[in-house]
Amino acid sequence: MEQLDTNNAVPLYEQLRVALRERLDSGVLDPGERLPSEAELCRKYGVSRITVRRAVDELVEEGILERRQGKGTFVAPKRAVVSIMALNDDATEGFYSRYKERKRSLIVSKKEYPANRSEREWLHLGENDHVFILTRRLLLDGKPWMIDRATYAVRRFPDFFDRVRDDTSTYQLMEEIYGVSMCRAHREITLTYATNEQGELLDCAPGTPLFKTFKVVYDDRDEPVHLSSTFTQAEGVVLTVENNRYRSRKKE
C-alpha cells in the first residue's frame with residue numbers, strides 16, 4: 001500500500017491526484033488502458049472512495065482520464081495539436097511543410113469530371129470546364145489524421161494528376177511547376193459526422209464527430225487557386241488560433 005501523508009497540509013485528494021498524474025506521466029498506463037477501480041485505488045493508497053472519486057474527477061476535467069459509460073475510467077488518448085487556424089497564415093504553407101517530419105499522405109482517389117455549379121462559382125470557371133478531384137488520407141505520427149478532398153481547374157493545371165504521388169506537396173508542385181504564388185485563404189470550419197467511408201479512412205466509427213474545414217486559396221492576383229474540404233476527428237485534435245503579428249504600441 002502506498003500510504004499518503006495524513007499530516008500534510010495538502011488535502012488527500014490532491015496528494016492522490018498528483019500521485020496518479022505522476023504514474024500516468026511515467027507511462028505506467030498507456031493511452032486507452034483502463035484505470036484500476038475505485039476499490040483497488042482505495043486499498044492501494046489507504047483512502048476513502050470520496051477521496052478517490054474527487055482525485056479522478058479532477059484528472060477527467062484536465063483531460064488526462066476519460067470515463068466510458070458502463071466500462072470504467074481510461075487513460076485519455078494524447079491529442080494532436082494542429083495549428084490550422086493561425087491568423088497569420090497567408091496560405092503559402094501547406095500541411096506538408098508544417099508537419100513534414102510527422103506526416104504521410106496516401107492517395108485515395110483521382111477523378112476528373114465537369115465542374116458543378118458551386119465549383120464554377122468558387123473557381124471562376126466556364127460552363128464546360130472540368131476539374132480534378134484529389135482525395136488523400138493524411139497520417140500524423142503514423143495514425144489516421146485527416147481526409148483531404150481538393151479540387152483544381154483542369155485548364156489551369158494540365159497534367160496535374162500525372163505529377164501527384166503519395167507524399168507529394170501539392171503547394172510546392174503548384175508553385176514550382178505552374179508558377180502559382182498563393183497569398184491568402186478563406187476558411188469555413190463546421191462540425192459534421194463521419195460517414196461509413198470516412199470512418200474506414202480515419203479508423204473511427206460512423207457518426208464520430210469531425211471538423212470539416214472548407215478552404216479556398218487565392219493567388220497574388222486574388223484569383224482562386226483551388227478548393228479543399230478536409231475532415232479531421234474532433235475528438236483527437238486541438239485547433240489552435242495564434243496571431244504572431246503583434247504590434248507593440250508606444251506610450252503617448
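The values are calculated or read from the model by the stated rules, or taken from the named source; none is laboratory data. This structure is a prediction, so every number in the text was calculated from the model and none was measured. In this analysis, Cβ positions are derived from the backbone assuming ideal geometry, glycine residues included, and neighbour counts consider all displayed protein chains. For the accessible areas, the whole protein counts, side chains as well, though only heavy atoms, and no ligand, DNA or RNA atoms are used. Shrake-Rupley method; radii C 1.70, N 1.55, O 1.52, S 1.80 Å.
Kindly flag which residue pairs out of LYS143/LYS215; LYS110/LYS212; LYS71/LYS215 have an alpha-carbon separation exceeding 32 Å in this structure.
In this structure, LYS71/LYS215 exceed 32 Å between Cα atoms.
Each residue of the stretch 114-126 in order: what ³J(HN,Hα) in whole Hz does its phi give by Karplus 6.51 cos²θ - 1.76 cosθ + 1.60, θ = phi - 60°, with x for Gly and Pro?
Here the 3J(HN,Hα) series is x, 5, 7, 4, 4, 5, 5, 5, 5, 9, 6, 9, x Hz.
Calculate the FRET efficiency for ASP167 and GLU61 from the Cβ-Cβ distance with a Förster distance of 41 Å, rounded to the nearest 0.05.
0.55
What accessible area per residue comes out for the stretch 92-228, rounded to a whole number of Å², with a 1.4 Å probe?
For the stretch 92-228, the per-residue accessible area is 53 Å².
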